[in-house]
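Worksheet: one structure, shown below.
The values are calculated or read from the model by the stated rules, or taken from the named source; none is laboratory data. In this text the structure is predicted, and so the values were computed from the model without any measurement. Neighbour counts run over all protein chains shown; Cβ positions are idealised from the backbone, glycine included.
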Amino acid sequence: MALLFKKCTNSDLNKLVEITRKTFVDAFEKDNNPEDFNTYINKAFDKNNIEQQLLNPDSTFCFAYLDEVLTGYFKLNENTAQTDLISEESLELERIYVLKEFQGRQIGKLMLQKAIKHAAEKSKKYIWLGVWEKNTDAIRFYEKFGFSKFDTHPYYIGKDKQTDWLMRFDLTNFQNS
């Protein structure tokens, strides 16, 4: 299976807002208080907020297409765009989501490989991410790739304080292929 990756531009803004909201709602709505969740969604995935992130030169959104059909996206942050660790040696994978109807087809794996390769091409020493401690499927997915937990941080969904695991993948021995 060959995925086509396309870096998002401002002309993709409406499609980007739609997929960011949809994938997050599909993944987490059932596990959260509706009021807190809606407050979070309306702020985090507001069109102006997403546009500001898209215009940040240290952030990259990338769509993944299978046979010209949008299947998912990921977001990478460098330098001061990183949310917790701000290091020139690292790259943050802030978001990686596959639309529900395309899950189970190895698309997440291919997107993660693309993100890791991007970090290696930029000569980063490691790539890191945050993942909700209760999202055990995602944690196992990242661990299979060699990510390991190194810390935690609070993550708020509205007023609900949750805990994210911070996980990293060391690129020192990664072969850029």
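Among all residues of region 22-30, there is at least one that is under 27 Å from Ala119 (Cα atoms), charged (D, E, K, R) and out of contact with any Gly (no Cβ under 6 Å at 6 or more places or on another chain). Among the residues that make up region 128-149, is at least one of them modelled with pLDDT of 95 or more, surrounded by 16 or more Cβ atoms within 10 Å (Cβ to Cβ), in contact with a Ser or Thr (Cβ under 8 Å, 6 or more places away or on another chain) and assigned to a helix (DSSP H, G or I)? No, every residue in region 128-149 fails to be modelled with pLDDT of 95 or more, surrounded by 16 or more Cβ atoms within 10 Å (Cβ to Cβ), in contact with a Ser or Thr (Cβ under 8 Å, 6 or more places away or on another chain) and assigned to a helix (DSSP H, G or I). So which residues in region 25-50 are among the polar types (S, T, N, Q) and in a helix (DSSP H, G or I)? Matches in region 25-50: Asn38, Thr39, Asn42, Asn48, Asn49.
Consider region 127-177. How many of its residues are under 20 Å from Ala27 (Cα atoms) and of a type in the set (Phe, Trp, Tyr)? Here the count works out to 6.
Evaluated against (1) over 28 Å from Gln103 (Cα atoms); (2) exposed (fewer than 15 other Cβ atoms within 10 Å of the Cβ), Lys43 falls short on exactly one condition, (1).
Out of the residues in region 58-88 meeting the condition of being under 17 Å from the mean Cα position of the chain (by Cα), of a type outside the set (A, V, I, L, M) and more than 28 Å from Arg105 (Cβ to Cβ), tell me which one is surrounded by the most Cβ atoms within 10 Å (Cβ to Cβ).
Here the answer is Glu78.
Given the structure, is Asp31 at pLDDT below 95 and exposed (fewer than 14 other Cβ atoms within 10 Å of the Cβ)? Criteria met by Asp31. Applying the set (1) part of a helix (DSSP H, G or I); (2) surrounded by 13 or more Cβ atoms within 10 Å (Cβ to Cβ); (3) over 17 Å from the mean Cα position of the chain (by Cα); (4) of a type outside the set (Lys, Arg) to Gly108 leaves exactly one unmet item: (3).
Among the residues in region 80-101, are any touching a helix residue (DSSP H, G or I) at 6+ places or on another chain (Cβ under 9 Å), over 23 Å from Ala119 (Cα atoms) and not polar (S, T, N, Q)? Before you say what the answer is, go through the steps one by one.
Residues of region 80-101 that are touching a helix residue (DSSP H, G or I) at 6+ places or on another chain (Cβ under 9 Å), as a first pass: 81, 86-88, 90-100.
Going one step further and asking which of them are over 23 Å from Ala119 (Cα atoms), we end up with 99-100.
This time we only want the ones that are not polar (S, T, N, Q), so: 99-100.
Within region 80-101, one or more residues are touching a helix residue (DSSP H, G or I) at 6+ places or on another chain (Cβ under 9 Å), over 23 Å from Ala119 (Cα atoms) and not polar (S, T, N, Q).
Taking Ile116 as the residue in question, decide whether it is aliphatic (A, V, I, L, M), surrounded by 14 or more Cβ atoms within 10 Å (Cβ to Cβ), in a helix (DSSP H, G or I) and in contact (Cβ under 8 Å) with a residue 24 or more places away in the chain.
On the way: aliphatic (A, V, I, L, M): yes; surrounded by 14 or more Cβ atoms within 10 Å (Cβ to Cβ): yes; in a helix (DSSP H, G or I): yes; in contact (Cβ under 8 Å) with a residue 24 or more places away in the chain: yes.
For Ile116, the condition - aliphatic (A, V, I, L, M), surrounded by 14 or more Cβ atoms within 10 Å (Cβ to Cβ), in a helix (DSSP H, G or I) and in contact (Cβ under 8 Å) with a residue 24 or more places away in the chain - is met.
Pull up region 22-57, narrow it to residues that are among the aromatic types (Phe, Trp, Tyr) and over 16 Å from the mean Cα position of the chain (by Cα), then point me to the one that is nearest to Lys122 (Cα to Cα). Here the residue is Tyr40. None of Ile127, Ile96 is over 22 Å from Leu16 (Cα atoms), in contact with a strand residue (DSSP E or B) (Cβ under 6 Å, 6 or more places away or on another chain) and touching a residue at least 24 places away in the same chain (Cβ under 8 Å) except Ile127.
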